[in-house]
Amino acid sequence: MRAWRVGQPGPMRSGPLVADECPDPIPGPGEVLLKVRACGVCRTDLHLAEGDLAPRHPGVIPGHEVVGEVVACGPRATRFSPGDRIGAAWLGGTCGVCRFCLRGQENLCLSPLFTGWDRDGGYAELMTVAEDFAYRLPSSFPDEEAAPLLCAGIIGYRALSRAELPIGGRLGIYGFGGSAHLAAQIALYRGARVYVMTRSEEARNLALELGATFVGGADEQPPDPLDSAILFAPAGDLVPVALRALDRGGTLAVAGIHLSDIPPLHYATELFQERQLRSVTANTRADGEEFFRIAAEIPLRPTTVPYPFSAADRALLDLSEDRITGAAVLRMDSA
C-alpha cells in the first residue's frame, strides 16, 4: 500500500514526511482493517512531523481523523461488518484497568495508545483500528466533512466542556482553525456570544460568517469581559492575554497537545478573583459519542480544504504556514 511516514522530524520545508510503499496491515484480535476514504490533517500531525512530539516508533504513519470502509475483520472482531463506514480517532486504545480508566477518565489512562502516534494512522491506503475505539458516523456527513469531526470536532467539544461556558455566556476563542470553527458552532447553537481572536484575516472572515459577535487580532482585547475562553493556538504567550480577558470566575481551557512556553503569570491581574486555567487531554469515547449526536442535531458544517492523498506533505506545509482556513482533508479518491 501507499503511505506517508515521518522520516527525520524537522521543519516542513526540510521534508520530514516521506512517501513510501508499505506492506498491507493485517487486523489482529478485536481489530478491523479499513480502506481509507478520507483523512483529516490535524495540527498534531504537524507537531509530530516537525518534532514537537517525538515519534513513538521510527517511520510512524500519521493521521487520526480517518474515515474508512471496513474491508476485513480480525479474530473476535464482531462489532462491524465489511462495507461499514466507520471512523478512527486520536484515542486508539487504553488499558482499561488503571485508576483513571476505572473511574471513567480514560483520556488520562496511564498506558494509552494514540492513532498516528503509537499506532500507524490514516496517511495510508489501509490501516487497522481496534473496533472498540472506532465510531459509527452519522450518514448526514460526507467523508470530507466527517473526517475533521474525528479530532477537531471531538477535541473542540471537550475543550468547550472544560471551559465551563455558562448558558448564554461570552466565549473567547484564540486561534480559529479546524477545531475552533467547530467548537464555535456548538457554542452559538447553545446561545452563546463568541469572540474570536486570531491572526488570520481569512479565519476572521469565517468567524464573522458563522455569527461571531467580535473578531480581532490574536492578542487583541475583546470589548466585553469573557465568561470562558479556549486557546487553540499553540502559543503560550497568549495564555496571560486570554486570562486578562476573563471576567471574575472565568475559565481558560488550553486545547492543544503542544504549547510553547507560558510566560510568568501575574496573580493579581491574571488569576485572582477565581479565574481558572485548565488543560485538555485527549477525550473519552463517551465524549465522542455525545459529540456525534450533537453534531448531527445542529448540524455542524465543517469548512474543509481538500488535498489529494499524493499532496499530504503540501497540506502539512500549508498548515504550518497558516494558509488553511478551516480543516484540510486528504481525499483518497483524488490521489
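Assorted remarks:
- Being touching a strand residue (DSSP E or B) at 6+ places or on another chain (Cβ under 8 Å), closer than 30 Å to Glu31 by Cα and not charged (D, E, K, R) holds for only one residue in Leu208, Leu160, Leu226, Leu126, and it is Leu126.
- Meets criteria (more than 25 Å from Arg193 (Cβ to Cβ), out of contact with any helix residue (DSSP H, G or I) (no Cβ under 8 Å at 6 or more places or on another chain) and touching a residue at least 12 places away in the same chain (Cβ under 8 Å)) for Gly236: yes
- Cβ-Cβ distances below 7 Å connect the following pairs, each with a first residue in region 279-290 that is farther than 20 Å from Ala130 by Cα and of a type in the set (A, V, I, L, M, F, W, C), a second residue that is crowded, with 17+ Cβ neighbours inside 10 Å and modelled with pLDDT of 95 or more, and a separation of six or more residues or different chains: Val280/Ile155; Val280/Arg158; Val280/Ala159; Val280/Arg162; Val280/Ala253; Val280/Val254; Val280/Ala255.
- Qualifying residue in region 23-45 (condition: hydroxyl-bearing (Ser, Thr, Tyr) and within 28 Å of Ile324 (Cβ to Cβ)): yes
- With respect to being polar (S, T, N, Q), closer than 30 Å to Gly92 by Cβ and at pLDDT 95 or above, Gln221 falls outside the description.
- Check on Arg85, within 19 Å of Phe292 (Cβ to Cβ) and either among the β-branched types (Val, Ile, Thr) or at pLDDT 95 or above (or both): yes
- Residues satisfying the stated conditions in region 1-41, i.e. touching a strand residue (DSSP E or B) at 6+ places or on another chain (Cβ under 8 Å) and part of a loop (DSSP other than H, G, I, E, B): Met1, Gly7, Pro16, Cys22, Asp24, Pro25, Ile26, Pro27, Gly28, Gly30
- Counting only helices (runs of 4 or more DSSP H) that fall entirely inside region 60-175 and contain at least 3 residues that are surrounded by 19 or more Cβ atoms within 10 Å (Cβ to Cβ) and under 16 Å from the mean Cα position of the chain (by Cα), the qualifying elements are 143-148, 154-162.
The values are calculated or read from the model by the stated rules, or taken from the named source; none is laboratory data. Please read these numbers as outputs of a predicted model, since none were measured by experiment. As a convention, Cβ positions derive from the backbone with ideal geometry for all residues, glycine included, and neighbour counts pool all protein chains shown.
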